[in-house]
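Below: the structure, in C-alpha cells.
The values are calculated or read from the model by the stated rules, or taken from the named source; none is laboratory data. Just so we're clear, the structure is a prediction, and the values are computed from it rather than from any experiment. Positions of Cβ are generated from backbone atoms using ideal geometry, with glycine treated the same way; all protein chains shown enter the neighbour counts.
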Amino acid sequence: MGKILIKRQWIAVSIPVIGLHLLALWFVFTYTTTYPLSIDEWLHYVPRSLAFKSHTLSLTQVLSMEPMWGDGPPGPTFYVWFLSLPNVILFNWNLRIDSFINYVLIVVNIYLALYLLASAKPHYLIYLVVPVTALMLALQQRWNLLVGAHSGIHLEVFFALLTFVLVSRRPRDSRNILLAAITAFMGTFSWLPGWLTWGIVFPALWLLGYRRKSVYFIWVIGAGLSAVLLINLPGFGTGWGHYAITTGSADGLPLPVTYVLFFITWIGAVFNAGPTSNVLISMLMGTLGLLAAISNVIILWRRREDRDYLAVCGMLGAFSMALGMLTTVGRSAQFGVRWGMAHYYISFSVLFWISLGALIILMVHRVGLQRYSLLAFLNMFLVLMGVIFYAHGAYSTIGVVEKHTVFVRQAEMCIERTATDPAENQDGCEIVGGVALTEWIVRLRDSGLTGFASEDDIKN
C-alpha cells in the first residue's frame with residue numbers, strides 16, 4: 001500500500017515538472033532571435049565565429065576575454081565559447097541551438113541541486129522536485145535562456161553545484177576535495193564571480209566533518225592559484241568600470257541605503273518581470289526571505305539538527321547571497337535599486353530560494369507547525385506569496401518579451417537591409433551601444449552564419 005501511494009505521489013509530481021519543461025522549451029524556441037542582438041554576442045561571439053570560419057582565429061584570441069572589436073566588458077572564457085563551436089561548425093551558428101544549450105545546462109543544474117539536497121535527506125526529494133525545477137527554469141531570467149553568450153552564467157552555477165556535491169559526498173577524503181578543487185577552479189573562470197566558491201566552501205568543510213589538515217591545505221593552495229591566474233588572465237576582470245561611487249547613487253539615496261535596498265531587491269527578483277515591474281514586490285519577498293532564512297537557521301542550529309543538511313543548504317544560500325552582495329557593490333550606485341531586478345541575476349538568486357525551501361521542509365518535518373508559530377506562519381506565508389508572485393512574474397515576463405519583439409523585429413529588419421544593400425544603410429544598425437555594425441553584418445552575410453544562408457546553402 002505504501003509503495004502504491006509513493007508511486008502515485010511521484011506521478012502527481014511529474015505532471016507539473018513536465019509542464020514546466022515544456023513551457024521553458026516553448027519560450028526558448030519562440031523568442032530566440034534569428035540574428036545576434038546582445039552586446040556579448042557582437043563583441044565576443046560574432047568576431048570569434050567569423051575568425052574561426054575564415055581559419056584566422058589565433059590561440060591568443062581564443063584565450064583572451066577582451067572584445068575582439070570595440071570597447072566593452074570582458075566576455076566568457078574560451079570553454080564557454082567552445083559550447084557554441086559545434087553549432088558554428090555543423091549548423092552555421094543557429095541561435096536556437098545556443099538557446100537550447102542553455103536549457104540543457106539548466107536541466108543538468110536541476111539534477112545537481114536535487115542530488116545535492118537528496119544526498120543529505122533522500123526522503124525530502126519528492127517535496128523539492130517541483131520548486132527546484134520551477135525556480136531554475138524561471139522564465140524571468142529571459143536572456144539567460146535566450147542568449148547563448150550567457151551560458152557562462154549556467155556554467156558558473158554548474159561548477160559551484162558540482163563542487164558542493166563533491167565536498168559533501170562520502171567518503172569525505174582528500175580525493176573528493178581534490179576533485180572539488182578542480183571544479184572550483186573551472187568555475188572561477190566561467191564567469192567573474194566564480195571565485196566566491198572557494199570562500200563559501202571553506203567553512204562548510206568543518207561542518208561536513210573534514211578534520212585533516214591536508215584537506216584545508218589543498219583548498220587554500222587551489223584558491224590562491226586561482227586568484228593568481230585570475231589576476232593575470234588577459235581581459236578577465238577588466239573593462240567593467242568602477243560603479244561603486246561614494247557620493248550617492250543613481251536614485252539620489254545615500255549609498256548605504258541604496259546597497260540595502262538593491263540587495264533585498266536582488267534576492268526577490270525572481271518574483272517579478274524585470275526592472276520595469278513593481279519593485280515593492282521584490283523588496284517585500286527579499287526582506288521576508290532573508291528574515292525567514294536567518295530565523296530557520298538559528299532554530300535548526302540550536303536544535304542540533306542534521307549538520308550535513310544545514311551545510312548543504314548553507315553553501316547554496318551563502319553562494320547566492322555572496323553573488324548578490326558582489327553585484328550590489330558593483331552595480332547599485334550606477335544603475336539604481338531597480339537594476340536589482342535585472343534578469344541576468346535571477347539564475348543566481350534562485351539558489352537562495354532553493355536553500356530556503358529546503359530549510360522550510362526540514363522545519364516542518366522536524367519541528368512541526370505548532371512550535372515557533374510565528375516563524376511557521378512566516379514560512380507558510382512565504383510559500384503562498386511565492387507561488388502567487390512567481391506565477392504572476394512568469395506571466396508578466398511573457399508579456400514583456402512579446403512587447404520586446406517589436407524592437408527585435410526592427411533590429412532584424414535593419415540587419416537584413418544592411419546585408420542586402422550596405423551602401424543604402426551606411427550608418428549600420430545601432431544595436432550595441434550606438435556602434436554601427438555594417439561591416440560585421442556584411443561579414444556575417446558572406447560567411448552564412450546565423451540567419452544568413454551561405455551560397456552553397458542557396459545552391460542546394
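Looking only at residues in segment 328-347 that are modelled with pLDDT of 90 or more and of a type in the set (Val, Ile, Thr), which one is farthest from the chain's Cα centre (by Cα)? Filtering segment 328-347 for residues that are modelled with pLDDT of 90 or more and of a type in the set (Val, Ile, Thr), the one farthest from the chain's Cα centre (by Cα) comes out as 328.
Each row is one residue, and each column tells you yes or no for (1) surrounded by 18 or more Cβ atoms within 10 Å (Cβ to Cβ); (2) at pLDDT below 90; (3) assigned to a loop (DSSP other than H, G, I, E, B); (4) aliphatic (A, V, I, L, M).
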position	(1), (2), (3), (4)
354	yes, no, no, yes
358	yes, no, no, yes
365	no, yes, no, no
370	no, yes, yes, no
381	no, no, no, no
386	yes, no, no, no
389	yes, no, no, no
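Kindly evaluate residue 56 against the criterion of being surrounded by fewer than 16 Cβ atoms within 10 Å (Cβ to Cβ) and either farther than 25 Å from residue 17 by Cβ or of a type in the set (S, T, N, Q) (or both). So residue 56 passes the test.
Scanning segment 272-283 for residues that are of a type in the set (A, V, I, L, M) and in contact (Cβ under 8 Å) with a residue 60 or more places away in the chain turns up 273, 279, 281. Considering each residue of segment 294-308 in turn, at least one proves to be modelled with pLDDT of 85 or more, buried (at least 22 other Cβ atoms within 10 Å of the Cβ) and farther than 23 Å from residue 399 by Cβ.
Against the criterion of being within 25 Å of residue 342 (Cα to Cα), at pLDDT 90 or above, assigned to a helix (DSSP H, G or I) and in contact with a helix residue (DSSP H, G or I) (Cβ under 6 Å, 6 or more places away or on another chain), residue 258 does not qualify.
Quick grid of which residues meet (1) of a type in the set (A, V, I, L, M); (2) at positive phi; (3) more than 17 Å from the chain's Cα centre (by Cα):
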position: 95; (1), (2), (3): yes, no, yes
position: 121; (1), (2), (3): no, no, yes
position: 128; (1), (2), (3): yes, no, yes
position: 147; (1), (2), (3): yes, no, no
position: 156; (1), (2), (3): no, no, no
position: 162; (1), (2), (3): yes, no, no
position: 166; (1), (2), (3): yes, no, yes
position: 170; (1), (2), (3): no, no, yes
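When the test is whether a residue is surrounded by fewer than 21 Cβ atoms within 10 Å (Cβ to Cβ) and within 21 Å of the chain's Cα centre (by Cα), residue 350 does not pass it. Residue count for segment 177-210, restricted to those that are surrounded by fewer than 19 Cβ atoms within 10 Å (Cβ to Cβ) and not aliphatic (A, V, I, L, M): 5. For segment 262-292, what are the residues that are hydroxyl-bearing (Ser, Thr, Tyr) and either part of a loop (DSSP other than H, G, I, E, B) or more than 26 Å from residue 376 (Cβ to Cβ) (or both)? Once the filter is applied, which keeps residues that are hydroxyl-bearing (Ser, Thr, Tyr) and either part of a loop (DSSP other than H, G, I, E, B) or more than 26 Å from residue 376 (Cβ to Cβ) (or both), segment 262-292 yields 265, 276, 277.
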